[in-house]
1. Any aspartates and glutamates with Cα under 12 Å of the K32 Cα? List them, leaving off those in the same chain fewer than 8 positions away.
2. What dipole magnitude, in Debye to the nearest 20, does the chain give about its Cα centre under +1 on Lys/Arg Cβ and -1 on Asp/Glu Cβ?
3. Please list, in order along the stretch 148-163, the HN-Hα scalar couplings obtained from phi with the Karplus expression 6.51 cos²θ - 1.76 cosθ + 1.60 (θ = phi - 60°), rounded to whole Hz, x for Gly and Pro.
4. Calculated FRET efficiency, I110 and Y59, Cβ-Cβ r, R0 30 Å, to nearest 0.05?
5. For a quick check, take a GNM of the chain with Cα springs below 10 Å and name the residue from L177, L16, L98 with the largest mean-square fluctuation.
6. When a/c reaches 1.5 or more, the comparison of a/b and b/c decides; with that in mind, is the stretch 87-132 rounded, prolate or oblate per its Cα gyration tensor?
7. Looking at the chain as a GNM with Cα springs under 10 Å, which of R38, R60, R111 has the largest mean-square fluctuation?
8. Select from I138, I78, F128 the residue farthest towards the positive end of the dipole of the stretch 77-159; place +1 on Cβ of Lys and Arg, -1 on Cβ of Asp and Glu, and compute about the Cα centre.
Amino acid sequence: MPHNLSFKIKGQGRILNNEIGLYKYLLQYGLKYKFSKRVDVAFQYRSSFRKEKDDNFHYRNKMFADFCTDIPVARFKIENRLRYQHGTKTYINSDKDLIPKQYVRDKFVIRYDIKNCKVTPMIFGELFFPLNINKPEIIDEYRLGCEIKYKINGNQSFKTGIMYQNDQTAFPLSNLLFRITYSFDIRVFK
């Protein structure tokens with residue numbers, strides 16, 4: 001019997017701080033297995049629509065395999081998520097767009113637990129390491145951000161925040177994004 005298996009659904013919208021406006025919206029779902037209080041793995045699928053250079057939204061899909069750990073330090077929780085990502089897109093601008101992109105992503109999050117409060121502030125940083133792209137850079141994207149999570153009840157939450165993204169493979173894109181996220185978790189086994 002699994003220690004703790006849950007099904008997760010997440011919807012998110014991202015708005016750019018420039019003339020583009022709504023930049024991406026997505027639906028992500030998958031299974032998360034908790035090995036212990038501090039270690040879990042997840043397998044997820046994401047379907048998204050992203051505004052491309054032609055000013056239209058185009059479909060993309062990504063598959064993830066995550067390994068996550070966390071460490072409590074007083075009222076803080078320090079988390080690390082190591083993610084393997086495999087993604088494809090339908091907006092084809094060159095032959096390179098036909099090749100699925102693979103990354104290892106490393107994300108660090110620091111959360112602060114406010115006593116007797118449903119609100120959790122957090123800051124994060126994330127690095128993208130390309131696996132199958134012939135580039136001289138070891139890191140081709142990074143993100144820095146802060147968010148506030150509001151726990152609606154035991155299995156639902158709402159999150160909003162701002163993120164600076166530096167991506168040399170997209171537009172190139174270097175801008176602020178505003179994120180709004182709704183998450184729903186269903187415990188399959190306890």
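1. D40, D66, D185
2. 940 debye
3. Listing the rounded values in order: 10, 9, 10, 7, 6, 7, x, 10, 10, 8, 10, 9, 9, x, 10, 9 Hz.
4. After rounding, the FRET efficiency stands at 0.35.
5. Among L177, L16, L98, the largest mean-square fluctuation in the Gaussian network model of the chain belongs to L98.
6. Prolate is the answer for the stretch 87-132, as a/c is 1.5 or above and a/b outweighs b/c.
7. Judging by the Gaussian network model, the answer is R38.
8. Going by the Cα projections, it comes out as I78.
Each reported figure results from applying straightforward, stated rules to the coordinates on display, with no laboratory input. Predicted model only: the values in this text are computed from it and were never measured. Virtual Cβ from ideal backbone geometry, glycine too; neighbours counted across all protein chains shown.
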